[in-house]
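Enquirer: If you scroll down you'll find the structure; I have some questions about it.
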Amino acid sequence: NKTCDCALRFITQSLQEALWGIPASTLSASSWLKTDVSCGILTNAWHAYIRFTRNSHGYNGCWPSEDVLAYICINLCEVFRSKRVLELGSGYGLAGLAVAICTEALEVVISDGNPQVVDYLQRSINMNSNAFGDTKVRSMELHWNQEHKHELLNYFDIIIASDCTFFKEFQGCLAQTIKSLLKNSETSEAIFLSPKRGDSLSRFLTKIKDLGLFYELFENYDSKVWNLHQKFLHGDDASWPNYDADHCYPLLVRITLQESKISHTEN
């Protein structure tokens, strides 16, 4: 809606100008965003979140999966209403900020394992605090391979993440983090957007099963995202000439603690 769109424009301007200090003319937009995957909600307003490399800070900008996750979260806004939400491996925190602004969530925690990234996230949160309404928003340094604080255990209704499954050495820790931090409820779930990246995603899903969690995997989960994927794949859209579905097209994974909601299926 118009209010959400204006708030998102405010976020991107704040990050670009006040946080990064980088003029838009120096950045090149993500192909997902150039083609207006959001059908009017995620538009060129997202230019502050495009691919931008800062290897010294331990991340490589905004991945295609993050773009799509933000779009999916906005489309699922009813799912997040009055819920406690955690974004893992946030980087720029695009999806977490979108949830904080657009969904009337009760609380949004935007986390990363890099303290410098967490500092940037908190600065962004502070600058945009007037856009969150009654939603409590905070950043957090969170390491998947360390013991989690007692107050975080079984605390979150929804966990979101994008392209966090490709580090195979951390997949077990990531799966355990989901199990530990999700609230023990029939409605609790983790929503992940991740490309296959060879066998990385399938290995992660095996870890999920081994921990007694349940998942559902979707390849075609949104008509507009799917249509863009097909255009990129078949060369009908030249804006992404080096498009590689294995690394660029995110699959949707929904993970729960209880089998009663979703089971291990692939669509």
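The values are calculated or read from the model by the stated rules, or taken from the named source; none is laboratory data. In this text, all values refer to a predicted model and were calculated from it rather than measured experimentally. We place every Cβ from the backbone using ideal geometry, glycine too, and count neighbours over all the protein chains shown. Ligands, DNA and RNA are stripped out before the accessible areas are found, and what is left, the full protein with its side chains, is counted by its heavy atoms. Shrake-Rupley method; radii C 1.70, N 1.55, O 1.52, S 1.80 Å.
Enquirer: In the stretch 109-134, what count of residues is obtained for those that are more than 23 Å from residue 164 (Cβ to Cβ) and open to solvent by 10 Å² or more (accessible area, probe 1.4 Å)?
Expert: The total comes to 8.
Enquirer: Among the residues of the stretch 105-128, which ones are at pLDDT below 85 and either touching a His at 6+ places or on another chain (Cβ under 7 Å) or among the small types (Gly, Ala, Ser) (or both)?
Expert: 124, the sole residue that qualifies.
Enquirer: Has the stretch 222-234 got at least one residue that is under 18 Å from the mean Cα position of the chain (by Cα) and among the hydroxyl-bearing types (Ser, Thr, Tyr)?
Expert: no
Here's the yes/no breakdown for (1) touching a Cys at 6+ places or on another chain (Cβ under 9 Å); (2) at pLDDT below 95; (3) within 23 Å of residue 252 (Cβ to Cβ):
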site: 135; (1), (2), (3): no, no, no
site: 138; (1), (2), (3): no, no, no
site: 164; (1), (2), (3): no, yes, yes
site: 183; (1), (2), (3): no, no, yes
site: 186; (1), (2), (3): no, yes, yes
site: 202; (1), (2), (3): no, no, yes
site: 219; (1), (2), (3): no, no, yes
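Enquirer: May I pose another question? Among the residues of the stretch 145-166 satisfying the criterion of being within 16 Å of the chain's Cα centre (by Cα) and assigned to a loop (DSSP other than H, G, I, E, B), which is surrounded by the fewest Cβ atoms within 10 Å (Cβ to Cβ)?
Expert: 166
Enquirer: If you go through the stretch 45-104, how many residues are modelled with pLDDT of 75 or more and either in contact with a strand residue (DSSP E or B) (Cβ under 9 Å, 6 or more places away or on another chain) or buried (at least 19 other Cβ atoms within 10 Å of the Cβ) (or both)?
Expert: Qualifying residue count for the region: 35.
Enquirer: A follow-up question, please. Looking at the stretch 180-267, what helices (runs of 4 or more DSSP H) fall wholly within it and have at least 3 residues that are crowded, with 18+ Cβ neighbours inside 10 Å?
Expert: Passing ranges, in order: 200-210, 223-234.
Enquirer: Please go through the stretch 127-182 and give me each residue that is touching a residue at least 24 places away in the same chain (Cβ under 8 Å), at negative phi and polar (S, T, N, Q), ordered by number.
Expert: Residues satisfying the conditions are 128, 135, 139, 145, 162, 165, 171, 176, 177, 180.
Enquirer: Consider residue 169 carefully, then state whether it is modelled with pLDDT under 95, surrounded by fewer than 18 Cβ atoms within 10 Å (Cβ to Cβ) and in a helix (DSSP H, G or I).
Expert: yes
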